[in-house]
Amino acid sequence: LSAGPFASPTEYHREVGTVHEHLGKALAARKKLPDAVAAFADAARTFADPARGNDPLAAARVDWNLSGVLVATGDHAAALERVDAFLKRKPGGAAPYERYADLLRTLGRGGEVAAALARQAAANPGN
């Protein structure tokens, strides 16, 4: 890698993660959802791995995008896992919390919404 265009292996892996992320977006736009899920999952693994991409913020962004594609495929349980991972980064705005609540309701866990959102609010008082 030292002779190539990347300054380090981490930089190389971040570029690979970015390519997978862009591929996921393009595939999602073309409604090729299973392929988009695979591309986003590859990007998320690359960014989250401290030995490779080591970019938690990018991993969180990909988790958010992947959750949307998983909702579109009907895999609500997996989408909830990705939204939950995204919320650990304490994002601003209402959309992630709305998706979280909607997914809980869709999964038949509507009774948990108020308590779950209260925990999220306590964890992110600035939002």
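In the condition set (1) of a type in the set (Lys, Arg); (2) more than 30 Å from PHE6 (Cα to Cα); (3) crowded, with 16+ Cβ neighbours inside 10 Å, LYS88 is compliant with all but (3). Here ARG45 passes the criteria (1) basic (Lys, Arg); (2) free of Cβ contacts under 8 Å to residues at least 40 places away in the same chain; (3) touching a helix residue (DSSP H, G or I) at 6+ places or on another chain (Cβ under 7 Å) except the one numbered (3). All conditions in (1) under 22 Å from PRO91 (Cβ atoms); (2) open to solvent by less than 70 Å² (accessible area, probe 1.4 Å); (3) assigned to a loop (DSSP other than H, G, I, E, B) hold for GLY4, with the sole exception of (1).
Once region 46-64 is narrowed to residues that are open to solvent by 40 Å² or more (accessible area, probe 1.4 Å) and part of a helix (DSSP H, G or I), the residue that is nearest to PRO34 (Cα to Cα) is TRP64. When the criteria are applied in full, ALA85 meets the requirement of being closer than 25 Å to ASP102 by Cβ and modelled with pLDDT under 95.
With respect to being open to solvent by less than 50 Å² (accessible area, probe 1.4 Å) and either modelled with pLDDT of 95 or more or touching a strand residue (DSSP E or B) at 6+ places or on another chain (Cβ under 7 Å) (or both), ALA78 fits the description.
The values are calculated or read from the model by the stated rules, or taken from the named source; none is laboratory data. Fair warning: this is a prediction, and the values are worked out from it, not measured in the lab. All Cβ positions, glycine included, derive from the backbone under ideal geometry; neighbour counts span all protein chains shown. Note: areas computed on protein heavy atoms with side chains; ligands, DNA, RNA excluded. Shrake-Rupley method; radii C 1.70, N 1.55, O 1.52, S 1.80 Å.
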